[in-house]
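Visitor: Mind looking over this structure? Questions follow.
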Amino acid sequence: MARFVDDRLRASRFAQTALSKIFPDHWSFMIGEIALYCLLILVLTGTYLAFFFTASGRKVVYHGSYAPLQGQTMSVAYKSVLDISFDVRAGLVMRQIHHWAALIFVAAIIVHLCRVFFTGAFRRPRELNWMVGITLLVLAMANGFTGYSLPDDQLSGTGLRIAFSIVESVPVVGTWIAFLLFDGNFPSTEIISRFFVFHVMLVPGLLFAVLGGHLAILWHQKHTQFAAPGRTEDNIEGSRLWPTYALRSVGLFFLVFAVCAALGGLAQVNAVWLYGPFRPAAVSAASQPDWYIGWLEGALRLMPPWEIRAFGHTVPNPFFPGIVLPGITFTLLYLWPFLEARVTHDHDVHHLLDRPRDRPFRTGFGAGALTFFMVLFLAGGNDVLADTFSLSLYAMTNVLRVALVVLPPSVGFVAYRLCKELSRGPVKPLGGPVGYRVRRTATGRYEDVEPPP
């Protein structure tokens, strides 16, 4: 069979070269693979759920297995989610695995981006792949929000109402965008069906296209590696794709699947039957979105009640935390490789990674930025924090406003000073596990690397 295929496709030489490709052994390079495997789990569980979910906002009366909601009026979408949870075999565990995998998926992308940022893996010639990675994060957050909104429960409906207000706050075109996404007025019976198309077709299609480009660029370009004795900008040291790296990667896939399955079976998440069907006139206390949208929720809560009125028009308050802040954030992320190269005048090709301590400004800036978004994340639950610690909600909000201004530069400065001091210490290699490895030289030859005595 192998000869039959090779005789027609002439693929043996490519396969031999591909299977001999070298990948570094450091554990941090596997974080991106965790995101990839979570995406595969999302596709598998999402396909199963799609057989039983009905994306319709049409109202019906519930007569199902969950007694507390008997006789309640709800959307067909919400009813189908209840049926999946209580009547479909393995429906609830599939729902929860799907939700946990989505949470871990976005987390893995962000941790991977942090690793790339703090080690300088975005520098030339990898600026394009950095931008592709930021696009993956945007698409992952968008797909997560659309999926989170599909059950049409009270919690997701509250999030949709906030999203509708943010979209309408955009000057000039906001009303038209709201009409396209939400069918005009809110609530609308078309929202669920439109978001279902976004969630299972449009955004995943873009996600897989961008991911394919990301992996193709990674495959074409030489992989980065940490500095160590014998490693240069012209070679790469690690394990061959087959069998060492492939088996290790497959093992990681099963481990990720096991963790998601364990969480899906043991840790309750998004119990929509407790929230009830969406009622536009009601807003539950302690309503928060999934964690990766928490920073936007916090920005909306901390924003002072300011608006701009000029020339007979108003720029509403939600526009600034809901549109301007994310716009600035992702614009800076997209442009960071070029901004840093312009400031440092470093336009060389880099295949060896930095130690974070050796780039004090970058590390300090990154630490301050992470602190900024962590404060916003905490602000997204300011009502929960105030209730838990028996504090005034207004006092908690003001404390977080002060922290948003004071903490990021303080943490950034401390990180900067620590890096300056640590960079004066001895250099310790950050290579992978000690063992029998392979090195690819600049001429394409493979050399065995003996472990140190």
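Visitor: Tyr66 to Trp27: extension gain in nm, 0.36 nm per residue of separation minus the Cα-Cα distance? Let's see the in-between values first.
Guide: On the way: separation 39, 0.36 × 39 = 14.04 nm, distance 4.54 nm.
Length gained, Tyr66 through Trp27: 9.5 nm.
Visitor: Among the GluC sites (Glu not before Pro) in region 281-383, which ones are in a DSSP loop with at most 15 other Cβ atoms within 10 Å of the Cβ? Mind listing them? Before the final figure, lay out each step's value.
Guide: On the way: sites: Glu297, Glu307, Glu340; in loops: Glu307.
Loop-located and lightly packed - Glu307.
Visitor: Additional query: Just to be sure I follow the definition: excluding the sites themselves, where is the longest run in the chain that has none of the chymotrypsin sites (Phe, Trp or Tyr not before Pro) in a DSSP loop with at most 11 other Cβ atoms within 10 Å? Display every interim value, and only then the final one.
Guide: Details: sites that count: Phe51, Trp306, Phe311, Phe389, Tyr436.
Maximal segment without exposed cleavage sites: 52-305.
Visitor: Return a whole-number percent for the relative contact order of region 28-276, with Cα pairs under 8 Å and 6 or more residues apart as the contact set.
Guide: Numbers: 250 pairs, mean separation 68.2, N = 249.
RCO, region 28-276: 27 percent.
Visitor: Right, another one. How about region 46-82: which trypsin sites (Lys or Arg not before Pro) there are in a DSSP loop, with at most 15 other Cβ atoms within 10 Å of their Cβ?
Guide: Numbers: sites: Arg58, Lys59, Lys79; in loops: Arg58.
Those that pass, being in a loop and sparsely packed, are Arg58.
Visitor: If each of Ala286 and Ala227 carries a label point 7 Å out from its Cα toward its Cβ, how far apart are those two points in nm?
Guide: Placing both labels 7 Å along Cα→Cβ, they lie 5.0 nm apart.
Visitor: Still on this structure, I have one more. For the chain, calculate the relative contact order in percent as a whole number, restricting contacts to Cα pairs under 8 Å that are 6 or more residues apart.
Guide: It rounds to 22 percent for the chain.
Visitor: List the extent of the Cα atoms of region 28-276 along each of their three principal axes, largest first, rounded to whole Å.
Guide: Here the spans come out as 72, 48, 24 Å, largest first.
Visitor: Lysine pairs in the chain 8 or more apart or on different chains: how many have alpha carbons under 28 angstrom apart?
Guide: On the way: Lys21/Lys222; Lys21/Lys428; Lys59/Lys79; Lys222/Lys428; Lys420/Lys428.
For the chain, qualifying lysine pairs total 5.
Visitor: Using r as the Cβ-Cβ distance of Ala246 and Thr314, and R0 as 51 Å, what FRET efficiency do you calculate, to the nearest 0.05?
Guide: Numbers: r = 58 Å, r/R0 = 1.14.
E between Ala246 and Thr314, to the nearest 0.05, is 0.30.
Visitor: Can you give the translational diffusion coefficient of region 68-113 in µm²/s, computed by Stokes-Einstein from the Kirkwood radius over Cα pairs at 10 °C and 1.306 mPa s? Walk me through the numbers on the way to the answer.
Guide: Details: Rh = 12.5 Å.
Estimated diffusion coefficient is 127 µm²/s.
Visitor: Given Cα positions, please report Rg to Rh for region 38-174, the hydrodynamic radius being the Kirkwood one.
Guide: On the way: Rg = 18.9 Å, Rh = 17.4 Å.
The Rg/Rh ratio comes out at 1.08.
Visitor: Determine the percent antiparallel among the DSSP beta bridges restricted to the chain, to the nearest 5.
Guide: Working: 16 of 18 bridges.
So the antiparallel bridges amount to about 90 percent of the total.
Visitor: Along each of its three principal axes, how wide is the spread of alpha-carbon positions in region 355-425, in whole angstrom units, largest first?
Guide: Over region 355-425, Cα extents along the principal axes are 46, 16, 15 Å.
Visitor: Okay, next question. Over region 355-425, what is the relative contact order in whole percent, taking alpha-carbon pairs under 8 Å and six or more residues apart?
Guide: Numbers: 67 pairs, mean separation 39.4, N = 71.
Normalised by residue count, the contact order of region 355-425 is 56 percent.
Visitor: Principal axis lengths of the chain from Cα atoms, whole Å, largest first?
Guide: The principal-axis extents, from largest down, are 72, 60, 44 Å.
We did not get these values from a lab; they are worked out from the coordinates using the rules stated. What you are looking at is a predicted structure, and each value in this text was computed from that prediction instead of being measured. So basically every Cβ, Gly included, is an ideal-geometry build from the backbone, and we count neighbours across all protein chains shown.
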